[in-house]
2 protein chains.
Amino acid sequence: MAVTIKDVAKKANVSISTVSRVLSNSPKISEQTKRHVRKVIKELGYHANLTARSLVQQTTRTIGIVMKNSSREALHTTFLPEVLGGITAITSKYEFSIRLAIGESEEEIFQDVTKMVQGKQVDGVIVLYSKKDDPVINYLKDSQIPFVILGRPTKDINKITFVDNDNRQAAMDATNYIIQLGHKRIAYIGDDTKFEVAKLRITGFRQAILDNGLKLQENFIKYINGNYEEGFEAVRELMSLPNRPTAIVLSDDINALIVLSALSNLAIKIPEDVSIISFNNSTIARITYPRLTTVDVQVYQLGQEAAKAIIEQVNEPNVIKKSLLIPTVIIERESCKKLTTVNEI
Amino acid sequence: MAVTIKDVAKKANVSISTVSRVLSNSPKISEQTKRHVRKVIKELGYHANLTARSLVQQTTRTIGIVMKNSSREALHTTFLPEVLGGITAITSKYEFSIRLAIGESEEEIFQDVTKMVQGKQVDGVIVLYSKKDDPVINYLKDSQIPFVILGRPTKDINKITFVDNDNRQAAMDATNYIIQLGHKRIAYIGDDTKFEVAKLRITGFRQAILDNGLKLQENFIKYINGNYEEGFEAVRELMSLPNRPTAIVLSDDINALIVLSALSNLAIKIPEDVSIISFNNSTIARITYPRLTTVDVQVYQLGQEAAKAIIEQVNEPNVIKKSLLIPTVIIERESCKKLTTVNEI
DNA sequence: TTGTACGCGTTATCAA
DNA sequence: TTGATAACGCGTACAA
């Protein structure tokens with residue numbers, strides 16, 4: 001059996017409450033006893049049992065993190081390590097720890113989350129995705145427990161704390177960037193609109209095209225969902241059009257690499273023949289040839305802010321639920337070219 | 001305040017022990033009371049407080065996962081989601097849950113791990129890396145708690161349970177594969193030998209070259225550590241050699257993409273001019289052009305086996321510590337070419 | 001400044 | 001088949 005507070009008390013010839021007070025560094029204990037008790041604690045190698053502490057304090061100092069583990073999510077390469085990095089930078093500063101709810105199926109995740117929440121194993125929850133009619137999110141809403149969504153909620157925007165980029169604006173920025181380089185025939189290749197982020201990005205793209213008085217060609221928009229073959233097919237179609245695009249906006253770096261491969265296969269040069277701009281600024285964007293101009297969504301920051309938000313809510317349950325939009329920034333590399341001659345345009 | 005076992009007992013007009021027995025589905029309780037109590041449980045939305053249960057049962061049914069979050073690790077793209085997927089596939093089957101110890105610095109990780117272990121918050125630990133003289137691993141060894149390393153321990157091989165690939169053998173396999181395609185001048189580009197896995201792969205490469213009676217050229221071996229510029233430089237040097245290599249073995253898909261980019265920059269064609277084979281079979285390998293022939297190390301399986309091993313140890317502390325080597329498999333794609341004419345060779 | 005005693009929500013032991 | 005009660009390890013109101 002491990003050493004408990006009793007053992008310390010006995011060996012130090014004090015009561016367990018005294019030991020407890022020393023642990024919390026109570027000012028009511030004389031420096032002398034503190035020194036003595038601490039010495040005994042060290043000698044015995046004592047560490048407080050956090051389970052017992054949780055039980056009596058009715059708080060766990062633990063945050064639950066919910067993530068989907070679908071294959072498509074896994075593709076987001078550095079997203080997971082980066083966001084966890086951001087989250088833990090904050091949680092470890094405030095001495096919170098982390099519990100995970102992953103799972104293959106929606107059902108499994110749901111079980112994990114309810115177990116965690118009902119079982120009183122966490123004080124708050126961060127959800128790493130946003131999806132329409134998601135049972136987990138609906139459950140959390142009813143459960144009273146503080147939670148934060150990383151992504152834009154599909155409804156109850158004002159009642160849910162969330163941390164996100166302004167993905168619509170970011171897509172507009174990316175598209176405007178391309179337009180300012182002189183491009184007029186611009187395609188979009190990305191994911192379908194099941195997840196909010198995909199929906200917002202395509203919306204932003206459309207908006208920017210229209211705002212600039214360009215023609216919005218529906219056959220310039222392709223959904224490939226990270227699929228290699230579909231990507232090749234989409235690019236082939238796009239490039240065999242009589243007035244083919246001179247630039248492509250990509251929804252993320254994975255899709256961008258697929259398109260890069262497809263263009264390379266067709267011996268089409270980047271950025272000479274086609275410019276491409278992408279999202280996420282993941283590792284991939286930094287090591288392709290040419291390296292990708294991409295919108296950095298600052299995943300690490302997103303993680304940090306989500307963690308700050310949930311800890312704040314846990315500490316002060318009645319604080320108003322304020323949500324946060326993290327700015328995005330375009331990282332210029334070598335995949336975009338300025339069009340100059342009329343001929344090119 | 002949440003609903004407790006007391007509330008259920010009161011409303012059901014039974015004692016709390018009866019409720020507790022219903023929860024564990026004890027055969028000593030009549031079907032009738034079971035039905036009644038379960039109904040009340042449902043009505044009140046009662047869920048057992050797992051913290052209290054942990055306290056009395058002296059077990060948490062929770063596994064701690066330790067990972068490094070250094071930038072180089074983050075590069076492993078799909079490693080983290082995949083290994084977590086494998087682990088949780090098993091843990092959720094056995095109704096274990098998961099606690100995370102990440103951290104920017106070695107010091108932070110160490111704090112997290114000790115807190116988790118001393119605080120009795122986990123029954124066992126999985127360490128997702130293997131490194132020489134690592135304080136966390138040394139601590140775990142002394143702490144009595146069951147733990148499993150995903151990777152090959154640097155010492156005490158027989159006293160530590162670990163799950164790994166035979167990375168030396170895998171590198172030999174990859175090199176032999178290339179050799180059997182007729183290549184004789186084969187280069188290796190990878191990471192330096194700080195981590196065990198890198199060390200073992202370069203060792204296997206050397207061995208295969210020697211075993212096949214080929215000449216081991218030291219200037220055919222380059223360390224680039226996932227760095228783009230260093231990768232370009234290494235490739236440039238290699239390709240400007242009078243008798244340049246016809247094939248390159250890469251330590252992982254990230255380094256492979258860098259080399260692919262560098263070769264593309266030099267207008268050297270794959271696999272026509274140079275064949276490349278890589279490790280990990282991550283998403284990247286499936287979406288480059290050409291797609292990469294790569295050694296699948298089966299990260300998901302590694303995660304599963306690590307989870308199985310730790311749960312077994314938790315359940316039966318005295319079981320002998322058997323370690324496991326997960327077989328690797330070469331996934332053939334389009335980045336390797338068979339050499340036929342003497343001229344090519 | 002320190003100690004006593006109770007309670008946190010369970011499970012387990014012993015009676016009934 | 002059920003109930004009363006003592007743990008589990010800790011924090012804290014109340015006493016001293």
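So which of B:Ala89, B:Ala48, B:Ala101, B:Ala2 ends up being closer than 30 Å to A:Ile254 by Cβ, surrounded by fewer than 21 Cβ atoms within 10 Å (Cβ to Cβ) and of a type outside the set (Val, Ile, Thr)?
After ruling out the rest, the residue left standing is B:Ala89.
Cβ-Cβ distance below 7 Å, separation of 6 or more or different chains: which pairs start in the range A:107-132 with a residue that is within 8 Å of chain B (Cβ to nearest Cβ) and end on one that is in a helix (DSSP H, G or I) and among the β-branched types (Val, Ile, Thr)? As it stands, the answer is A:Lys120/B:Thr51; A:Gln121/B:Thr51, since those pairs meet every condition given. Looking at A:Val19, is it in a helix (DSSP H, G or I), of a type in the set (Val, Ile, Thr), surrounded by 21 or more Cβ atoms within 10 Å (Cβ to Cβ) and in contact with a Leu (Cβ under 9 Å, 6 or more places away or on another chain)? Against the criterion (in a helix (DSSP H, G or I), of a type in the set (Val, Ile, Thr), surrounded by 21 or more Cβ atoms within 10 Å (Cβ to Cβ) and in contact with a Leu (Cβ under 9 Å, 6 or more places away or on another chain)), A:Val19 does not qualify.
Check the range A:27-37 and report whether any residue there is near DNA strand D (Cβ under 7 Å from one of its atoms), outside any helix (DSSP H, G or I) and either within 14 Å of chain B (Cβ to nearest Cβ) or of a type in the set (Val, Ile, Thr) (or both).
No: the range A:27-37 contains no residue that is near DNA strand D (Cβ under 7 Å from one of its atoms), outside any helix (DSSP H, G or I) and either within 14 Å of chain B (Cβ to nearest Cβ) or of a type in the set (Val, Ile, Thr) (or both).
Yes or no, residue by residue, for (1) without any contact (Cβ under 8 Å) to a residue 60 or more places away in the chain; (2) acidic (Asp, Glu):
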site	(1), (2)
B:Asp7	yes, yes
B:Lys10	yes, no
B:Asn13	yes, no
B:Lys42	yes, no
B:Ile87	no, no
B:Thr91	no, no
B:Ile98	yes, no
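Any residue in the range A:151-171 that is polar (S, T, N, Q) and on the phi > 0 side of the Ramachandran plot? No, that holds for no residue. Counting only helices (runs of 4 or more DSSP H) that sit wholly inside the range A:96-181, those with at least 3 residues that are of a type in the set (Gly, Ala, Ser) are A:167-180.
Take the residues of the range A:1-26 that are among the polar types (S, T, N, Q) and more than 8 Å from DNA strand C (Cβ to nearest atom): which is farthest from the other protein chains (Cβ to nearest Cβ)?
Only one residue tops the list, namely A:Asn25.
Exactly one residue out of B:Asn243, B:Asn225, B:Asn219, B:Asn255 is surrounded by fewer than 22 Cβ atoms within 10 Å (Cβ to Cβ), within 14 Å of chain A (Cβ to nearest Cβ) and either out of contact with any Leu (no Cβ under 6 Å at 6 or more places or on another chain) or part of a strand (DSSP E or B) (or both), and it is B:Asn225. When the range B:42-65 is filtered for residues that are within 16 Å of DNA strand D (Cβ to nearest atom), among the hydrophobic types (A, V, I, L, M, F, W, C) and under 30 Å from the mean Cα position of the chain (by Cα), only B:Leu50 remains.
Go through the range B:270-329 and count every residue that is part of a loop (DSSP other than H, G, I, E, B) and in contact with a Cys (Cβ under 7 Å, 6 or more places away or on another chain). Result for the range B:270-329: 1. Any residue at all in the range A:53-66 that is of a type outside the set (S, T, N, Q), part of a helix (DSSP H, G or I), more than 7 Å from DNA strand C (Cβ to nearest atom) and buried (at least 20 other Cβ atoms within 10 Å of the Cβ)? No, the range A:53-66 contains no residue that is of a type outside the set (S, T, N, Q), part of a helix (DSSP H, G or I), more than 7 Å from DNA strand C (Cβ to nearest atom) and buried (at least 20 other Cβ atoms within 10 Å of the Cβ).
Laboratory data are not the source of any read-out in this text; all were calculated from the coordinates shown. It should be emphasised that the depicted structure is a prediction, and the values quoted were computed from it without experimental measurement. Please note: Cβ atoms are built from the backbone with ideal geometry, for glycine as well, and neighbour counts cover all protein chains shown.
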